[in-house]
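The values are calculated or read from the model by the stated rules, or taken from the named source; none is laboratory data. Note that the structure is predicted; figures quoted are calculated from it, not measured. Positions of Cβ are generated from backbone atoms using ideal geometry, with glycine treated the same way; all protein chains shown enter the neighbour counts.
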Amino acid sequence: MYNIYKITSNPTIDFAAEELKKYLRMMIVRSGEIPISYNPDAKDGFKIGLMSDFGLDTSDAEDITLDDIIYVKADKNGGIIAGSNPGATLIAVYRYLRFCGCRWLFPGIDGEWIPTVETLPDVDYRKLADHRYRGQCNEGAEYQTDMIETIDFTPKIGMNTYMLEFDNPYCYYASYYNHTNSATRPKEPISRDMIMRWKRQCEVEIQKRGLHFHDMGHGWTAEPFGLDSSAGWIMNETNEIKPEVKELLAMLDGERKVRKNAPLLSNVCMSNPKTRKIMADYIADYAEKQNNVDFLHIWLADESNGHCECPECQKKITSDWYVMLLNDIDDELTKRNLDTHLVFIAYLDTFFAPLEEKLNNNKRFTMLYAPITRLYTETYAEKPDKSQMVPYERNNIRKPRGMAECLAYLHDWKEKMWTGDCFCYEYHFMDFQYWDITNMFISKILYDDICALKSQGLSGIIEDGSQRSFFPTGFQFYVYGETLYDSTVSFDELKEDYFSHAFGENWKEVVNYLETLSDLMRYSYFHGLESKDQSKGNYYNPDMLENAKKANQLVKDFSATIKANLVQEQRASTIAWQLLDLHTYVADKMTTMTQYLCVGDQDNVVKTLKEMTTEMSKREIYYERYYDHYLFTRTIKRYSGGKEIVDNLDV
């Protein structure tokens, strides 16, 4: 009989104990009841708590509330499971269960790979996580079940951070519930009030697991002025602008207005002290009410080259006005005795470091680096090259593409103003994942990115991407969580670990199939980087024709292996093979489409894309937990030459 004793009283420790009990009972199916109790003086059984409860050294953590140390010392009868903070203790439980043979391949119950065991192993393990920030941010088309399951999944693969973008993330939920880009599913309208309630539910689940909660981002250039940004990037002709608000909006081409009638895309007159005062007061009010937020992100509008052109604003570059705004916010928070921690972002126009202004209170801030315009053909291992940098030019900035140039701007920020903590906001799980037909290439790019972060003075990543990025496999997400936690693990080790659990004894055949398909259907081609004649389009490359034919045959040949393995003892493995089976349809259509695309036969490209989109619309409901139809379809539209591939396509 096993016992679980909580050495300290904390809601996350309580949850960690329940998780340990659940999985022990699943593994040892005849164990009987495993009681949980609070007993700081326990001498036997499983003892769960903070490392400080056991007198364990945590001196290698710079900040024990942010830096996760995992400690496990156990044998067949139990032992100590502890962490430097409550969230780390929960991760320690999952790390221990990994030693017992458990794996989490996808979010949700169907993603659990749980062995049956007769006895528990001896474990002696201590690890300081290699990166402080390890998490994700909502994006794509989301529904509430997948959000809750993804939050639950986060610590199981070693991550400790979750971000919810926007005050009200209505636009992300609307993309799912309206079934945008689906040729078959009718709309299911959802209210903004419902989404706000769901956001609060997500926050509670984040807090339960001791995850660091990051909030907001875009919206601060809209909401303080009575403009609703919850529709996201969609333009709204009915925006009512009060006269007293209009004078505070950014002046573009001599007129102050909401840019493109989309508040999320619209900036304000930053040189006007009244504008900054309204924003500072509003943000301080938000911080007072949302006192569960660990990191409050302060970003500007989500589009470049839209900053105020009035004579006063032109006296400073955008980043200088931005730093002035941040100082105003800091002053207001200080006045109210609020210790809210703020995150500022180097993104689009603020990629260019300030020339004059400095932050007055560095302790309140963390820097976020968001190189959204990078190509994902190079990694953070590149050496920064300042010779590629260009000066800031208001509303005519040149967006960097190569990593040597992107990193030069990061180091310019560091040299001119910022010496504190800095981490990345990344996009591997946005559109980029769909330019890689198997995700094997982007998985290696992601791995190499993570391994090089420290060399650039970066402390981790939050990924802005779909919570349904598990198609055709969940390998790329597994690589993400595991490598951020432990960057000493090799890519080949991760590959064997994931695929051997997901696909069993045939795992090497699956890897060979996916890697061969990836080599034939190159990421760089689908990114539009291999055109032989730009006058004929980004994808004109007759050399790809033979590759596409070989890839198409490869998919057909391997489908028999997939069909023969659709029934597995482990449910997670069954899901893995089912997803690969669905992927053969997509791969067949994509390789067929490519044969037309590479020679400029646009009519047949569009015809093939329409067929695929319609069929995947029909199948989506069976695989939607792992496959984001909205984001996938939004991405492949780029191959259509501007022609519609589904009637209600809305990107």
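For the stretch 201-243, which residues satisfy the criterion of being in a loop (DSSP other than H, G, I, E, B), of a type in the set (D, E, K, R) and under 25 Å from Phe344 (Cα atoms)? Answer for the stretch 201-243, where residues must be in a loop (DSSP other than H, G, I, E, B), of a type in the set (D, E, K, R) and under 25 Å from Phe344 (Cα atoms): just Asp228.
Tallying residues that are in contact with a strand residue (DSSP E or B) (Cβ under 7 Å, 6 or more places away or on another chain) and part of a loop (DSSP other than H, G, I, E, B) within the stretch 4-34 yields 4.
When Thr483, Thr473 are checked against the criterion of being polar (S, T, N, Q), part of a loop (DSSP other than H, G, I, E, B) and in contact with a helix residue (DSSP H, G or I) (Cβ under 7 Å, 6 or more places away or on another chain), a single residue qualifies: Thr473.
For first residues located in the stretch 157-170 and among the hydroxyl-bearing types (Ser, Thr, Tyr), partners that are part of a helix (DSSP H, G or I) and lie 6+ apart or on another chain with Cβ distances below 7 Å form the pairs Tyr162/Ile151; Tyr162/Thr154; Tyr162/Ile206; Tyr170/Arg192; Tyr170/Ile195. Residues in the stretch 109-132 that are touching a Lys or Arg at 6+ places or on another chain (Cβ under 6 Å) and not aromatic (Phe, Trp, Tyr): 4 in all. When the residues of the stretch 211-245 are filtered to those that are modelled with pLDDT under 95 and hydroxyl-bearing (Ser, Thr, Tyr), the one that is surrounded by the most Cβ atoms within 10 Å (Cβ to Cβ) is Ser229. Evaluating Leu597 against the criteria (1) buried (at least 22 other Cβ atoms within 10 Å of the Cβ); (2) closer than 29 Å to Cys171 by Cβ; (3) without any contact (Cβ under 8 Å) to a residue 60 or more places away in the chain leaves one unmet condition, (2).
Give the number of residues within the stretch 296-341 that are part of a helix (DSSP H, G or I) and among the aromatic types (Phe, Trp, Tyr). Let's see the steps before the verdict.
Restricting attention to the stretch 296-341, the residues satisfying the condition of being part of a helix (DSSP H, G or I) are 313-315, 318-335.
After this cut, where a residue has to be among the aromatic types (Phe, Trp, Tyr) as well, the list is 321-322.
The qualifying residues number 2.
None of Ile64, Ile36, Ile28, Ile7 is in contact (Cβ under 8 Å) with a residue 40 or more places away in the chain and closer than 20 Å to Arg209 by Cβ except Ile7.
Taken over the stretch 370-398, residues that are closer than 27 Å to Leu252 by Cβ and either of a type in the set (Ser, Thr, Tyr) or outside any loop (DSSP other than H, G, I, E, B) (or both) amount to 2.
Condition check: more than 24 Å from Lys399 (Cα to Cα), surrounded by 15 or more Cβ atoms within 10 Å (Cβ to Cβ) and under 29 Å from the mean Cα position of the chain (by Cα). Does Ala284 satisfy that? Considered against the rule, which asks whether it is more than 24 Å from Lys399 (Cα to Cα), surrounded by 15 or more Cβ atoms within 10 Å (Cβ to Cβ) and under 29 Å from the mean Cα position of the chain (by Cα), Ala284 comes out as yes.
For the stretch 336-356, the set of residues classified as surrounded by fewer than 19 Cβ atoms within 10 Å (Cβ to Cβ), of a type in the set (D, E, K, R) and in contact (Cβ under 8 Å) with a residue 40 or more places away in the chain consists of Arg336, Glu356, listed by residue number. Can you confirm whether Leu649 is at pLDDT 95 or above and of a type in the set (A, V, I, L, M)? Answer is no for this residue.
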